[in-house]
Amino acid sequence: METFLNEHELHEFILTVSTWEGRLHVLDLLAKREARLMNNSVHVHASIVDAPLDFDKTELYEECRLILANMATKLTSHHNAHISECTSIILRCAAKLNTLPEFPTLYARFTLADKKLEKALTKPEERKLAGYCVHCSKPLFTSESRKEQDCSYCGTVNDIATVRAELQNSRSYLLREKTVRGTLKQITNMVNMVNRSAYSFYQVRRFLKSGRILGEKINSTEWIVAAKTLHLD
């Protein structure tokens, strides 16, 4: 009987299908967590730039569930379309599925969805402040592995080793001082420089008011701050 996949390819397909139930469970949990964050408008403060919420996870979950259900339906109409049952049917009858004329199309959809699933479950590299653009002086956020980074403001390609070295020099200078002085915006820039972070000035103002950063407002616009408290542990 003619088959679509060879023996090795079929074995790989079976192994991949066997991982989908667990991986889709994780995807579902992530999608629900992100939905709760959005619905509750929870503000999560972080010292790094967070990846934007991926609202495609629910759609991908349904796409994967439908692919499994479609495969299972080609083998039997007696199933409840639940992921666990569909997966079990496919694993038991993979050899038969491999002979069906509809399988190449289903397999193509499965392969594409599996790549999307892998991407959705791969944790993005942490992005921190690397330094400031050599052309426009805007902040550059990137992962540790990047060698170059395009500025999102002016498009200039920055050598990350160079801007990191400049940032380190500035951080070292700030931390050698006893106190620093500046507007809230300037103090916020200092905090982000020292911590390689992306705090807003609203957050920094709360840190000042709560005493997490030790400082005193000396006039209508400026603060004087203990430099060592710029470093937030």
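The values are calculated or read from the model by the stated rules, or taken from the named source; none is laboratory data. Just so it is clear, the structure is predicted and the values come from calculations on it, not from any experiment. All Cβ positions, glycine included, derive from the backbone under ideal geometry; neighbour counts span all protein chains shown. Ligands, DNA and RNA are stripped out before the accessible areas are found, and what is left, the full protein with its side chains, is counted by its heavy atoms. Shrake-Rupley method; radii C 1.70, N 1.55, O 1.52, S 1.80 Å.
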Exercise for review: Quote the Stokes-Einstein diffusion coefficient, in whole µm² s⁻¹, for region 61-135, based on the Kirkwood radius over alpha carbon pairs, a temperature of 4 °C and a viscosity of 1.567 mPa s.
Suggested key: 89
Point to revise | Electrostatic dipole magnitude of the chain [Cβ: Lys, Arg +1; Asp, Glu -1; Cα centre; debye, to 20] | key: 1480
Practice item. Provide the per-residue ³J(HN,Hα) series for region 190-203, in order, calculated from phi with Karplus coefficients 6.51, -1.76, 1.60 and θ = phi - 60°, each as a whole number of Hz, with x at glycine and proline positions. Key: 5, 4, 5, 5, 5, 9, 6, 10, 9, 5, 7, 5, 5, 5
Review point. So for the pair T162, K217, with labels modelled 7 Å out along Cα→Cβ, what separation do we get in nm?
Key: 4.1
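How big is D, in µm² s⁻¹, for the chain by Stokes-Einstein at 10 °C and 1.306 mPa s if Rh is the Kirkwood radius over C-alpha pairs?
Here the translational diffusion coefficient equals 73 µm²/s.
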Exercise for review: Just read off the accessible area of E126 with the full protein assembly in place, 1.4 Å probe, to the nearest 10 Å².
Suggested key: 100
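Using a simple charge model, +1 on the beta-carbon of Lys and Arg, -1 on the beta-carbon of Asp and Glu, nothing else, what dipole does region 64-181 show about its Cα centre, in debye to the nearest 20?
On the way: 19 positive and 12 negative charges, 54 e Å.
Magnitude of the dipole: close to 260 debye.
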Exercise for review: Let me know the longest stretch in the chain that avoids all trypsin sites (Lys or Arg not before Pro) found in a DSSP loop with at most 16 other C-beta atoms within 10 Å.
Suggested key: 1-145
Revision key, fill the gap. Of the residues L167, T111, I89, the Cα lying farthest along the dipole of the chain towards its positive end, which is defined by charges on the beta carbon of Lys, Arg, Asp and Glu, belongs to L167
